[in-house]
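The values are calculated or read from the model by the stated rules, or taken from the named source; none is laboratory data. Predicted, not measured: the structure shown is a model, and the values here were computed from it. Positions of Cβ are generated from backbone atoms using ideal geometry, with glycine treated the same way; all protein chains shown enter the neighbour counts. Keep in mind that these areas ignore ligands, DNA and RNA; they rest on the heavy atoms of the full protein, side chains included. Shrake-Rupley method; radii C 1.70, N 1.55, O 1.52, S 1.80 Å.
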Amino acid sequence: MMTIVRKICALLACTILMGGAAQAQPFPNRPIRVLVTIPPGGAPDISARLLAQHLGETLNWSVVIENRPGANGNIAGEQVAKSTPDGYTLLLYADSGVTINPHVYSKLPFDPLKDLLPVASVATNQFMLSLNPQVPAKTFQEFIDYARKTTPPLPYASGGNGSQHQLMMEMLKQRAKIDLLHVPFRGAAPATQATVAGDTKVLFSGSASASLIQSGQLRAVATSGKKRAARFPDLPTIGEFYPGYAVDIWLGLFAPAGTPEPIVTKLRTEVHKLLSDPVFAKKLNVSGSLEPLVLSPADFSKLIHDDYEKYGKIVRQLGIKIN
């Protein structure tokens with residue numbers, strides 16, 4: 001009888017030790033999935049793929065990018081929010097997913113502010129007001145004048161109903177007192193392609209359109225940020241014509257709520273270490289006109305809160321709602 005008891009105790013001890021060893025395995029010990037909310041080609045996709053490549057090269061981490069477009073990022077957001085909070089399923093999210101979607105959607109299958117945990121700020125940039133070259137306007141003011149005179153209204157492309165692209169254009173319409181026809185697409189990339197093709201005539205294009213502007217396939221006439229874009233210093237900001245108009249966008253890395261703090265800290269540390277590397281920063285800028293955004297957890301949380309309040313006010317003023 002004693003022999004059997006000793007064997008059972010030994011088996012239990014072995015099981016406990018094995019469990020402890022499993023828990024003690026370093027993170028990561030298997031591939032990390034990063035979901036991207038848009039098709040390949042836009043700023044979140046560019047940022048995610050550069051991060052994946054360089055984390056693989058510098059740390060030998062295996063990072064897999066999965067594009068899950070649709071519903072202004074809600075499809076990917078829900079999938080990550082409902083994933084196991086172990087650090088192996090992450091989300092490269094644009095600010096609109098956290099700061100705009102909760103205001104424009106009547107019902108969301110998850111709460112971006114509660115069900116997603118901010119891991120690290122990643123990058124920032126601004127939009128460019130870009131025209132199909134067939135539009136005769138060569139400057140921002142010429143575009144405004146042309147839009148006022150054009151009947152029927154010029155069609156503008158956006159990344160979807162309730163997207164940041166739409167909010168920005170609707171804000172411009174109000175400030176400039178012009179009329180434009182909204183044509184929503186499933187993401188910024190197809191919206192940009194439609195404008196290049198001439199199916200739509202204008203859009204707020206993101207960083208991925210820089211090469212199209214430089215090649216003449218799009219004509220940029222202004223930028224959306226608080227200050228002129230470093231890559232296009234000759235382009236005026238819209239705020240130079242309409243004071244107070246300023247939209248800078250940011251990208252962040254998020255995990256499911258409940259992800260252990262040591263894992264979050266490790267992810268944040270490695271991502272921000274990479275962003276602080278001048279060589280990587282240059283690649284980020286050249287590939288997508290993006291600038292690294294390295295913020296402390298407190299500053300990142302404040303940015304999210306401030307933008308949430310700002311866009312909530314805009315959405316209420318414009319009366320945009322998606323059922």
**Separation in nanometres of the label points that stand 7 Å from Cα toward Cβ, at E261 and D306** = 2.5 nm
**Asked** Using Cα pairs under 8 angstrom and six or more residues apart, how large is the relative contact order of the chain, in percent?
**Response** 26 percent
**Item:** Nearest-20 debye value, the chain charge dipole, Cβ charges on Lys, Arg, Asp, Glu
**Value:** 200 debye
**Asked** For A246 and E57 in the same chain, what is the full-extension length gain: residue separation times 0.36 nm, less their Cα-Cα distance, in nm?
**Response** 64.3 nm
**Asked** What's the tally of Lys pairs in region 271-323 whose alpha-carbon atoms lie under 16 angstrom apart, where the two lysines are 8 or more places apart or on different chains?
**Response** 4
**Message:** For the chain, set up a GNM with springs between Cα atoms under 10 Å and report which of G159, G225, G56 has the largest fluctuation.
**Reply:** G56
**Prompt:** Cα axis of helix 261-275 to longest principal axis of the chain: angle in degrees, 0 to 90, nearest 10?
**Reply:** 50 degrees
**Asked** Charges only on Cβ, +1 for Lys and Arg, -1 for Asp and Glu: so what's the dipole of region 165-319 about the Cα centre, in debye to the nearest 20?
**Response** 200 debye
**Fill in**
Quick calc, K177 & K226: beta-carbon distance into FRET formula, R0 25 Å, rounding 0.05, result 0.60
**Asked** Ignoring ligands, DNA and RNA, what percent of the accessible area of region 249-303 is carbon or sulfur (1.4 Å)?
**Response** 64 percent
**Carbon/sulfur fraction of accessible area - region 135-205, other protein chains in place, 1.4 Å, %** = 55 percent
**Fill in**
Measuring from the longest principal axis of the C-alpha atoms of the chain, the long axis of helix 297-318 (C-alpha) lies at a number of degrees, nearest 10, equal to 40 degrees
**Asked** How much mean residue ellipticity at 222 nm does the chain get from its helices, if each DSSP H run of length 4 or more adds -39500 (n - 2.57) and you divide by all residues, to the nearest 500 deg cm²/dmol?
**Response** -14000 deg cm²/dmol
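If you roll a 1.4 Å probe over region 71-134 with all protein chains in place, what percent of the accessible area is carbon or sulfur?
Ligands and nucleic acids excluded, carbon and sulfur reach 52 percent.
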**Message:** For the chain, what does the accessible surface come to per residue with a 1.4 Å probe? Please give it in Å².
**Reply:** 46 Å²
**Prompt:** Pairing the Cα long axis of helix 140-149 with the longest principal axis of the chain, what angle in degrees results, from 0 to 90 and rounded to the nearest 10?
**Reply:** 70 degrees
**Fill in**
With a Förster distance of 51 angstrom and the Cβ-Cβ distance between F27 and R148, calculated FRET efficiency to the nearest 0.05 equals 0.35
**Request:** Work out how much length A197 to K321 would gain on full extension: take 0.36 nm times their residue separation and subtract the Cα-Cα distance, in nm to one decimal.
**Result:** 41.7 nm
**Asked** What is the distance in Å between the Cα centres of region 210-261 and region 97-133?
**Response** 14 Å
